[in-house]
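These notes are about the structure you will find just below.
The values are calculated or read from the model by the stated rules, or taken from the named source; none is laboratory data. None of these values were measured; they are calculated from a predicted model. Positions of Cβ are backbone-derived with ideal geometry, glycine not excepted, and every protein chain shown enters the neighbour counts. Ligands, DNA and RNA are stripped out before the accessible areas are found, and what is left, the full protein with its side chains, is counted by its heavy atoms. Shrake-Rupley method; radii C 1.70, N 1.55, O 1.52, S 1.80 Å.
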Amino acid sequence: MKISQILKNKDQGVCFEFFPARTEKGRKSLANTIGILKDYKPLYVSMTYGAGGGGQGRTKDAVSLLLETKELEVMPHLTCLGAQCTAIKELLDEYKDKGIENIMALRGDPPQGVNDFDFTQNDFSYAIDLVKTLKAYGSFCIGVAVYPEGHIEAASLEQDMEHAKQKIDAGADFAVTQMFFDNKYYYSLMDRMHKKGIDIPVLPGILPLTDVEKVKQFASICRATIPKHIEEKMQRAIGQPQEMEKIGIDFTIEQCRQLIKNGIKRLHFFTLNKPQIITKILEAVK
Ligand code: FAD
């Protein structure tokens with residue numbers, strides 16, 4: 001079923017994002033993760049594409065793993081920067097043949113260390129180009145990314161919102177946010193979107209904050225502010241990984257509770273393929 005329809009039918013629920021495995025051991029662990037989390041009857045599950053250097057093959061393999069369960073609505077992510085239009089269309093044919101009805105349409109990032117990357121010298125320059133291709137292709141419900149604190153390359157929140165509106169107007173059916181650790185950024189994103197007349201569903205992307213150093217590194221390249229009080233509390237637990245994890249999980253539980261209290265009852269979890277962390281959060285916010 002198309003996710004747009006699922007979101008029309010259900011005003012609460014969870015969604016899980018996984019990443020493809022690199023090794024046979026990782027594949028087994030991913031299968032185990034899927035097996036555990038499917039019992040929470042997610043609205044949909046998604047599989048990242050190419051992030052961290054993984055190729056198309058790994059995503060396709062991991063998508064097949066999700067499809068094997070036969071009970072999950074599966075959304076592969078697809079990035080377009082540096083891709084050729086013909087290759088993208090071949091992949092869409094493959095996904096369509098497998099019964100997939102949803103694609104997360106992303107630009108992706110230029111290769112690391114290339115500062116003067118020319119975004120205009122490709123079949124696709126921005127996510128909007130992939131949204132247009134998907135729209136013309138016709139079969140898929142389209143998800144896109146939006147950024148509560150603005151995308152790292154954007155000169156201003158206004159400019160980022162203008163670009164987001166353009167890709168949504170081009171045919172996106174729903175959006176998922178970049179991670180954020182202070183709900184005020186999500187609420188203010190929603191305000192900005194409403195002011196622009198955008199009314200598609202926008203699911204908050206929740207990253208469990210369990211290792212402050214790793215998340216700080218990641219957050220700095222994604223523009224996601226970690227509140228000082230939680231950063232300091234977690235830093236005091238450096239060297240005590242279990243204590244740090246507990247502080248982080250408690251923080252994420254409270255973040256989810258506050259969203260739910262404010263009527264945001266559909267949550268998209270970046271699972272990091274760690275089911276034990278996600279289940280602790282889900283059991284606490286039930
Ligand atoms: P775009 O919407 O194209 O925006 C990118 C930047 O370009 C923004 O600053 C925007 O303001 C600007 N821009 C847009 N249009 C124009 C224009 N016409 N002229 C000038 N500037 C413009 N990455 C992966 O590699 N694999 C994944 O699986 C993956 N999954 C993700 C899932 C989520 C929920 C999120 C939030 C991100 C994900 N990413 C993934 C990361 C994403 O690829 C990067 O954040 C990337 O830098 C931007 O992608 P986008 O689709 O938002 O791009």
For this session: For residues that are surrounded by fewer than 20 Cβ atoms within 10 Å (Cβ to Cβ), modelled with pLDDT of 95 or more and within 13 Å of the ligand (Cβ to nearest atom), tally how many sit in region 16-53.
Result: 0
For this session: Search region 120-139 for residues being more than 29 Å from Asp191 (Cβ to Cβ) and aromatic (Phe, Trp, Tyr), and hand back the single one that is farthest from the ligand (Cβ to nearest atom).
Result: Tyr137
Exercise. Which condition number in (1) near the ligand (Cβ under 10 Å from one of its atoms); (2) more than 17 Å from the chain's Cα centre (by Cα); (3) open to solvent by 50 Å² or more (accessible area, probe 1.4 Å) is the one that Met161 fails?
Worked result: (3)
Problem set entry | Residues of region 122-180 classified as of a type in the set (Ser, Thr, Tyr) and assigned to a loop (DSSP other than H, G, I, E, B), total | 5
Problem set entry | Matching entry among Gly143, Gly113, Gly108 (being farther than 19 Å from Ala87 by Cβ and in contact with a Ser or Thr (Cβ under 9 Å, 6 or more places away or on another chain)) | Gly143
Exercise. Looking at (1) within 25 Å of Pro208 (Cα to Cα); (2) open to solvent by 70 Å² or more (accessible area, probe 1.4 Å); (3) more than 15 Å from the chain's Cα centre (by Cα), which is the only condition Lys8 fails?
Worked result: (1)
Problem set entry | Matching residues, region 123-143, being out of contact with any Lys or Arg (no Cβ under 6 Å at 6 or more places or on another chain), open to solvent by 10 Å² or more (accessible area, probe 1.4 Å) and not β-branched (Val, Ile, Thr) | Asp123, Ser125, Asp129, Lys132, Lys135, Ala136, Tyr137, Gly138, Phe140
Exercise. Taking region 94-117 on its own, how many of its residues are open to solvent by 70 Å² or more (accessible area, probe 1.4 Å) and either over 17 Å from Ala62 (Cβ atoms) or out of contact with any Leu (no Cβ under 8 Å at 6 or more places or on another chain) (or both)?
Worked result: 9
Exercise. Out of all the residues in region 254-272, is one or more within 16 Å of the ligand (Cβ to nearest atom) and aromatic (Phe, Trp, Tyr)?
Worked result: yes
